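I have placed the structure first, in the form of structure tokens, so that the comments after it can refer back to it.
The values are calculated or read from the model by the stated rules, or taken from the named source; none is laboratory data. Bear in mind that the values here come from a model prediction, so they are computed numbers and not experimental data. Heads up, the Cβs are rebuilt from the backbone with ideal geometry, glycines too, and the neighbour counts pull from every protein chain shown.
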2 protein chains.
Amino acid sequence: MTTQAGASRLAVMNFLNEVAGDFPNAISLASGRPAEAFFDLDHWLEAIPLYQRELATRWGVTRADAGRRLAQYGRTNGLINELVAAQLKLDEGVQTRGEHIVIGAGCQEALALCLLSLCRAPNEVVLARDPTYIGMTGVADLHGIEIVPLYAKDDGLADELRSVTERLGNEGKRARAFYLIPEFDNPTGAVLSQLVRQELLDVCAEQRILVLEDNPYGMFRYEGERVPPMYALDRSGSVIYLFTYSKTLCPAVRIGGAVVPDTLFGDAAAARALVAELGERKSFLTVNTSQLNQALIGGVLLAENGTLQRLVTPQRDHYRKNRDLMLAALAAEFGGSGEGIRWNRPEGGFFLTMDLPFRFGQEEVLQCARERHVIPMPLSFFSLSGICQESIRLAFSNVPSAQIAEGVARLGQFILQYEEVCHAAI
Amino acid sequence: MTTQAGASRLAVMNFLNEVAGDFPNAISLASGRPAEAFFDLDHWLEAIPLYQRELATRWGVTRADAGRRLAQYGRTNGLINELVAAQLKLDEGVQTRGEHIVIGAGCQEALALCLLSLCRAPNEVVLARDPTYIGMTGVADLHGIEIVPLYAKDDGLADELRSVTERLGNEGKRARAFYLIPEFDNPTGAVLSQLVRQELLDVCAEQRILVLEDNPYGMFRYEGERVPPMYALDRSGSVIYLFTYSKTLCPAVRIGGAVVPDTLFGDAAAARALVAELGERKSFLTVNTSQLNQALIGGVLLAENGTLQRLVTPQRDHYRKNRDLMLAALAAEFGGSGEGIRWNRPEGGFFLTMDLPFRFGQEEVLQCARERHVIPMPLSFFSLSGICQESIRLAFSNVPSAQIAEGVARLGQFILQYEEVCHAAI
């Protein structure tokens, strides 16, 4: 059942697509897509035979037969699970075995499967910080899963988590999952410190809440010390790790997935049962993930000796450059500005956020696109409860480097004009 | 929420997989997969550049840029919709436009999206003949959608449809959809006559029930006159047509979809709203269908001048041969048998069904696999209410031609022995 919030979130996403369509020459700082310059699909397709050869050996058949079996239906939970496990260990410090991985048609499917499996009864809810990723709120809303927002800053988050969980208990509800992007959050770009991660893990273990740790941007750290994923810090079986190849390779492969821990709060049978349930649900949603696409990922992983570091390095450099260009442009444009204009300096990822001294919503996007030919993303679009009305998300991942300064300058003109109008109105 | 029936259906499917795994040398007459000999993935991959070139022209960009945009996220409802529309018209007599098509990660996703969109309230139910396809019952069960079975033979089906719909109305329920495979049904292999299709369409238009017409086997007719799809016969906007490339090309492409009619019962806005809702749900389940896989289908369709007839012809010949081998083996084995042993002669598709003079369930499958090294599929596995206890489905699509006679002979030995034991016990 679509809740009202769900319907309106869909409406704003459609609205943004329409704005982009209506003003095709506007500079978009709204799209958090990966940069297309690094998509090397033709080359990656050539890696498929490598994986085919590997399969032929594994199955003891000819390469041609392996190719035909590859083209058939296949194992619901995936074919390349062991290669993925090895890559997650090398690149992300996530230790698991293939049989605890469910490969999805993109990470979104894995996230949907997790939410549907964990929150089955109407009183089973998912927790999330407000604002949070639209893909999570969308799937929860569409399936009538209640999302309970958390508002505390990082240092108060564990306390809020405990008190919200207890309040829910008193209401006859049960917090089953806590959705988080601890590393370069979408939409905020923020990173949770190791201390906060530990605090959250303690509460989750105590309250038996499964963290859904989504980590699409983990390989894109530009500076600062790496913080281990919550999955790697976890000692009690309270983290499901969500991964994707949409950012490291490209979205069109539509391969991502979920890593279920060895135990759920110490219970190995419960972990196996969850893997099985994810697979059963998947078998009736998409049957199995395209083995052609899995073979492409498998071939690339074989060709790259199991790690994506070599492929990611130039991308990381590019995104770092874009971030720096955006930070420099923001400093040049707004450095002398008065109160109310602030932005963060993300150590990685695709986005930063900016606070403005006025409300920036749907009407302002339209005005900005029409009059200044630049499209930012209101942060309120990601809000669970209508907060963040005066903030925007600026994505630097998919905007041409040469347009960043101009985009920020146009935004500056809009903001200046808007403030003047506001002042004049007073 | 998983209903009891849903859980047990999952259990039997797992059981069948286990039997196949435990007895790898048994001849399987249970698998209704397409024959792998025709999977030509390496060759089809070479068609991708054709589609890339087409995109480059459409978008006015270089071929390399088109390739990069192809590798990006894309339109939720699909990229190759116009090519699919042209193919459906040529090959299946289904007239539509690209914007009324939703491309899914396999037909199963499209079916799930349709059921979730149509049956949102607890009193909105889906109708299906008993027995029916497990992919439909599985997704309905997993999402708490009630399935109401119909039992009548073809000539009484429209009457039963009307009376069941009226009974449901009295119970405060509403039949929103009627799932059907009118052409070479899975599991029965049966075809609905044009007269029955018309009768059903009349009742559906009158009662405002949307037919979900699933047609995976339509291009595999071996003899007899072609019956138009219900979608083509429909005049009132009461049929959603489900298509797949898993059988005509191969399952690993995971491309299928739904065609929404121009109007829903005369209401064009309602049809557009349904297309939009399918897309919104899809965006939160799988984001969009792999554009790599869509490009492969697109390229093949371009290379084949928009029709799959040339590719399907040798497959159809092969399946016809297998069906004939199975019919001949059955006649040789059971032709002189007494009462209680009967089978149908399907005019196309992948399966036939056989009635036995005794119950054939899970225990009998195991015994058959262990003692006679052949695995048939109990028809009761497809039942919504535990009927068809004495029938089996025999698939001839994916068994090597050379094994068919031997498989049927082994089945004959099992049946003979089983009957003797039964008689001795009396």
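Can you name the residue in region B:332-358 that is polar (S, T, N, Q) and under 24 Å from the mean Cα position of the chain (by Cα) and is also farthest from B:Glu420 (Cα to Cα) among such residues?
Step by step, filter region B:332-358, then rank; the result is B:Asn344.
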Exercise. Quick one: A:Pro261 ticks every box in (1) closer than 30 Å to A:Arg69 by Cβ; (2) in contact with a His (Cβ under 8 Å, 6 or more places away or on another chain) bar one, so which box is it?
Worked result: (1)
For this session: Would you point out which residue out of B:Asp141, B:Asp154 is crowded, with 21+ Cβ neighbours inside 10 Å, out of contact with any Pro (no Cβ under 8 Å at 6 or more places or on another chain) and not aromatic (Phe, Trp, Tyr)?
Result: B:Asp141
Exercise. Is one or more of the residues making up region B:269-286 more than 13 Å from chain A (Cβ to nearest Cβ), touching a strand residue (DSSP E or B) at 6+ places or on another chain (Cβ under 6 Å) and either at pLDDT below 95 or part of a helix (DSSP H, G or I) (or both)?
Worked result: yes
For this session: Run A:Glu339 past the list (1) in the same structural domain as A:Asn25 (by TED's automatic domain parsing); (2) touching a Gly at 6+ places or on another chain (Cβ under 6 Å); (3) of a type outside the set (Phe, Trp, Tyr) and report the number of the one that doesn't hold.
Result: (2)
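If I go through region B:233-256 residue by residue, how many of them are hydrophobic (A, V, I, L, M, F, W, C), closer than 13 Å to B:Gln198 by Cα and not in a strand (DSSP E or B)?
Counting residues in region B:233-256 that are hydrophobic (A, V, I, L, M, F, W, C), closer than 13 Å to B:Gln198 by Cα and not in a strand (DSSP E or B) gives 1.
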Exercise. Residues that are under 17 Å from the mean Cα position of the chain (by Cα) and in contact (Cβ under 8 Å) with a residue 24 or more places away in the chain: which strands (runs of 3 or more DSSP E) entirely in region B:141-225 hold 2 or more of them?
Worked result: B:174-180, B:210-214
Exercise. Out of A:Phe396, A:Phe381, which single residue is within 20 Å of A:Ala190 (Cα to Cα) and surrounded by fewer than 24 Cβ atoms within 10 Å (Cβ to Cβ)?
Worked result: A:Phe381
For this session: Select, from A:Cys119, A:Cys107, the only residue that is under 15 Å from A:Gln294 (Cα atoms) and within 21 Å of the chain's Cα centre (by Cα).
Result: A:Cys107
Seminar exercise, completed: Per the filter on region A:74-84, residues surrounded by fewer than 20 Cβ atoms within 10 Å (Cβ to Cβ) and either in a helix (DSSP H, G or I) or in contact with a Pro (Cβ under 7 Å, 6 or more places away or on another chain) (or both) are A:Glu82
For this session: Those residues that are modelled with pLDDT of 95 or more, in a helix (DSSP H, G or I) and small (Gly, Ala, Ser), I need them from region B:19-63; list them, please.
Result: B:Ala37, B:Ala56
For this session: Kindly indicate which of A:Val253, A:Val312 is more than 10 Å from chain B (Cβ to nearest Cβ) and modelled with pLDDT of 95 or more.
Result: A:Val312
For this session: Would you check if there is a residue in region A:375-382 being part of a loop (DSSP other than H, G, I, E, B) and in contact with a Cys (Cβ under 9 Å, 6 or more places away or on another chain)?
Result: yes
Exercise. Is there any pair linking a residue in region B:52-81 that is on the phi > 0 side of the Ramachandran plot to one that is part of a helix (DSSP H, G or I) and β-branched (Val, Ile, Thr), with Cβ under 8 Å and at least six apart or on different chains, and which?
Worked result: B:Gly78/B:Val84
Seminar exercise, completed: Counting only residues in region B:222-277 that are in contact with a Cys (Cβ under 7 Å, 6 or more places away or on another chain) and within 15 Å of B:Leu210 (Cα to Cα), the one surrounded by the fewest Cβ atoms within 10 Å (Cβ to Cβ) is identified as B:Leu242
For this session: Could you grab me the full set of residues in region A:104-124 that are outside any helix (DSSP H, G or I) and crowded, with 23+ Cβ neighbours inside 10 Å?
Result: A:Gly104, A:Ala105, A:Gly106
For this session: Might you check whether a residue that is in the same structural domain as A:Arg272 (by TED's automatic domain parsing), over 23 Å from B:His143 (Cα atoms), out of contact with any strand residue (DSSP E or B) (no Cβ under 9 Å at 6 or more places or on another chain) and not β-branched (Val, Ile, Thr) occurs anywhere in region A:183-190?
Result: no
Exercise. Checking A:Ser385 against (1) out of contact with any helix residue (DSSP H, G or I) (no Cβ under 8 Å at 6 or more places or on another chain); (2) without any contact (Cβ under 8 Å) to a residue 12 or more places away in the chain, which test does it fail?
Worked result: (2)
For this session: Return only the number of the condition from (1) out of contact with any strand residue (DSSP E or B) (no Cβ under 7 Å at 6 or more places or on another chain); (2) under 17 Å from A:Met13 (Cα atoms) that A:Arg316 does not satisfy.
Result: (2)
For this session: Please work out if A:Ala105 is within 14 Å of chain B (Cβ to nearest Cβ), under 18 Å from A:Pro216 (Cβ atoms), touching a Phe, Trp or Tyr at 6+ places or on another chain (Cβ under 8 Å) and in contact (Cβ under 8 Å) with a residue 24 or more places away in the chain.
Result: no
Exercise. Has region A:60-79 got at least one residue that is away from every other protein chain (no Cβ under 14 Å) and closer than 30 Å to A:Glu304 by Cα?
Worked result: no
